[in-house]
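Everything on this sheet refers to the single structure shown next.
The values are calculated or read from the model by the stated rules, or taken from the named source; none is laboratory data. All values reported here derive from a predicted model rather than from experimental measurement. No Cβ is skipped: glycine too gets one built from the backbone with ideal geometry, and neighbour counts run over all protein chains shown. Accessible surface is based on the protein model in full, side chains and every heavy atom, while ligands, DNA and RNA are left aside. Shrake-Rupley method; radii C 1.70, N 1.55, O 1.52, S 1.80 Å.
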Amino acid sequence: MVTATAAPARSVRALKAAFPLTLPVMAGFVFLGTAYGVLMQSLGLGAGWTFLMSAVVFAGAMQYVAITLFTAAFNPLYALAITLMVNARHIFYGLSLLKKMRAAGPFKPLIVFALCDETFSIICTAEAPEGVDRGMFMFFVALLNWCYWVLGSLLGVLVGGLLTLSTQGLDFTLTALFVVIFLNQWAKPGSRPSSLIGVVCSLLCLFLFGPELFIIPAMALMLVVFAISGKKLAGGDV
């Protein structure tokens, strides 16, 4: 028989298991979110628009790209195309998480909505401790990372409203985070083959298709290569 305190106790255990794993993400998201909020404030888009973009769109790279779209003549087809290119990687994320999502239960829609690069990385590499519900564990990983980004964005609006500072170069912070994530993966010998595949596929497609169109072909090529060499790379963090 399930007691009245069973559900809250399960939630607390899952939250305690998820929180330490998200601390590095918190450090990055608060900084990146703050930079994004400052940029939004500099365009005259205050807390309301910033909150809606971060809470509903929740796509760091695309939100930075959207800043450019806000300042140019609106072209819906271009906005759709660039959004698909920037976020096409989530298609492959979803395919690779099909098995893990079976344990998500009622939390599945919320995890899917809040899925981002960092949440995907944690869910793929970390297992729920013994006695912790897997679905609830994944849910709290996604929820915490979502909260970090939203709170960081709102903090940026506050900072941008109080201080007069130059926003030049702030949009590079997201690129810097991806470089750090790549270096952390490279530090693990088992991850190096998959990291090299990603670099080679990206450079090849960049050369063939150019900087504006290479993202989707690169992701598709990576998927093909990983599918072919999956067994050989099984020992690494693919």
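Going by what's in this entry, would L158 be described as modelled with pLDDT of 90 or more, assigned to a helix (DSSP H, G or I), surrounded by fewer than 22 Cβ atoms within 10 Å (Cβ to Cβ) and not small (G, A, S)? Can you show your working first?
Values: modelled with pLDDT of 90 or more: no; assigned to a helix (DSSP H, G or I): yes; surrounded by fewer than 22 Cβ atoms within 10 Å (Cβ to Cβ): yes; not small (G, A, S): yes.
For L158, the condition - modelled with pLDDT of 90 or more, assigned to a helix (DSSP H, G or I), surrounded by fewer than 22 Cβ atoms within 10 Å (Cβ to Cβ) and not small (G, A, S) - is not met.
List pairs: first in the range 75-87 and modelled with pLDDT of 75 or more, second part of a helix (DSSP H, G or I) and hydrophobic (A, V, I, L, M, F, W, C), Cβ under 7 Å, 6+ apart or cross-chain?
As it stands, the answer is A79/L69; T83/M62; N87/M62, since those pairs meet every condition given.
Could you look through the range 30-41, keep only residues that are buried (at least 22 other Cβ atoms within 10 Å of the Cβ) and within 16 Å of C147 (Cβ to Cβ), and pick out the one that is modelled with the lowest pLDDT?
L32
In this structure, does E127 turn out to be in the same structural domain as F51 (by TED's automatic domain parsing), under 14 Å from K16 (Cα atoms) and acidic (D, E)?
yes
Restricting attention to the range 8-29, which residues are surrounded by 17 or more Cβ atoms within 10 Å (Cβ to Cβ) and either within 22 Å of R89 (Cα to Cα) or of a type in the set (A, V, I, L, M) (or both)?
Looking only at the range 8-29, we keep the residues that are surrounded by 17 or more Cβ atoms within 10 Å (Cβ to Cβ), and these are 13-15, 17-18, 21-22, 25-26, 28-29.
Within the range 8-29, A14, L15, A17, A18, L21, T22, V25, M26, G28, F29 meet the criteria.
Taking the range 89-116 as the search range and keeping residues that are in contact (Cβ under 8 Å) with a residue 40 or more places away in the chain and buried (at least 17 other Cβ atoms within 10 Å of the Cβ), which one is nearest to A14 (Cα to Cα)?
Applying the filter and picking the extreme gives A114.
Across the range 42-54, what is the total count of residues that are modelled with pLDDT of 85 or more and either open to solvent by 60 Å² or more (accessible area, probe 1.4 Å) or under 17 Å from A72 (Cβ atoms) (or both)? Show your work before the answer.
At the first step, the residues of the range 42-54 found to be modelled with pLDDT of 85 or more are 47-54.
Narrowing the set further to residues that are either open to solvent by 60 Å² or more (accessible area, probe 1.4 Å) or under 17 Å from A72 (Cβ atoms) (or both) leaves 49, 51-53.
Of the residues in the range 42-54, 4 are modelled with pLDDT of 85 or more and either open to solvent by 60 Å² or more (accessible area, probe 1.4 Å) or under 17 Å from A72 (Cβ atoms) (or both).
Among the residues of the range 201-211, which ones are open to solvent by less than 90 Å² (accessible area, probe 1.4 Å) and among the aliphatic types (A, V, I, L, M)? Steps first, answer last, please.
Applying the first criterion (open to solvent by less than 90 Å² (accessible area, probe 1.4 Å)) to the range 201-211 yields 201-202, 204-206, 210.
Across the range 201-211, the qualifying residues are L204, L206.
Among what's in the range 183-200 and is of a type outside the set (A, V, I, L, M, F, W, C) and open to solvent by 70 Å² or more (accessible area, probe 1.4 Å), pick the residue that is modelled with the highest pLDDT.
From the range 183-200, those of a type outside the set (A, V, I, L, M, F, W, C) are 184-185, 188-195, 198; that's our starting set.
Applying the additional criterion that residues be open to solvent by 70 Å² or more (accessible area, probe 1.4 Å) yields 184, 188-189, 192.
On the way: N184: 70, K188: 72, P189: 72, R192: 76.
Filtering the range 183-200 for residues that are of a type outside the set (A, V, I, L, M, F, W, C) and open to solvent by 70 Å² or more (accessible area, probe 1.4 Å), the one modelled with the highest pLDDT comes out as R192.
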